Structure formats: structure tokens, C-alpha cells
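Have a look at the structure below before the remarks.
The values are calculated or read from the model by the stated rules, or taken from the named source; none is laboratory data. Quick caveat: nothing in here was measured; it's all calculated off a predicted structure. All Cβ positions, glycine included, derive from the backbone under ideal geometry; neighbour counts span all protein chains shown.
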Amino acid sequence: MYYLNSMGIYDPLFRHLERQAGHELRLSFSQLTKILGRSLPRSAYERREFWNNNPVGHVHAQAWRKAGWITRDVDIAAQEVSFVRERFPVSQRLRDLAHFRQQGPDASGHDVSAMIREDRER
């Protein structure tokens, strides 16, 4: 995927989503406005395409995709959107891998070295 160097006004959304522990999160547009500290663009209220998960050239989609989330169930009339975890953010995966390295093979018999190699290949 192609990410711009800075997501700018959507950095607060990235940070908010990155901190979430669950697998699904429903937010109203007013909640998103509070998270961002500014209004959503008019297109967010008028066009479902704004909520598309294509990150190429769309810094708002880059924010949620980089944090490991995708959008689902956009309801323009109710002004709500659901975010569903696609994967855990890189920062969380790196913390998990560091923990696995310190602990050695885990009790379930998972091959930690294979997990690390797989994560590096992504």
C-alpha cells in the first residue's frame, strides 16, 4: 500500500484507533469530529465513497488502514460508521514479538521464529 508521509489532520484518528482493544468500533460522525478536533469534510456527510477503504491518495483512509482497521456499515442518514479491525497495528505486533523473543517458545508450542519471519515478510 502507498501511504503518504503525514496524514496531517487524521493523525488523531490514527492514534485513537491504534489504542482500541476491541475488534469492532461504531462511531458517530460527531464523535469523529471530537476525535479529530475539527469538522469532517462535507463529502463525509454526503458520499459513501468518502468511507471507501482505498488508501491511495486518501489520507483519511490511510489513517484507519495504517492503524489496522477498515470501514464497514456506513450509515450516512444516521451519520455513523463502523470500523472493523483488519489486523493489529505494527506497534502492537512488534511489542508482541519482543515479548515472544524474551519468553522463548510459548507454552502452546508455536514456532516463534516462524512468527517473526512471517511478520518481517509482510
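Here are some notes:
- Extreme residue, nearest to V74 (Cα to Cα), among residues of the stretch 41-58 that are crowded, with 17+ Cβ neighbours inside 10 Å and hydrophobic (A, V, I, L, M, F, W, C): W51
- Members of the stretch 33-65 found to be in a helix (DSSP H, G or I) and either touching a Pro at 6+ places or on another chain (Cβ under 9 Å) or closer than 15 Å to G8 by Cβ (or both), listed by number: I35, L36, F50, V59, H60, A61, Q62, A63, W64, R65
- Criterion applied to A21, A77 was being of a type in the set (A, V, I, L, M), modelled with pLDDT of 95 or more and more than 11 Å from the chain's Cα centre (by Cα), and the one residue passing it is A77.
- Test result for F83, modelled with pLDDT under 60, of a type in the set (F, W, Y) and surrounded by 15 or more Cβ atoms within 10 Å (Cβ to Cβ): no
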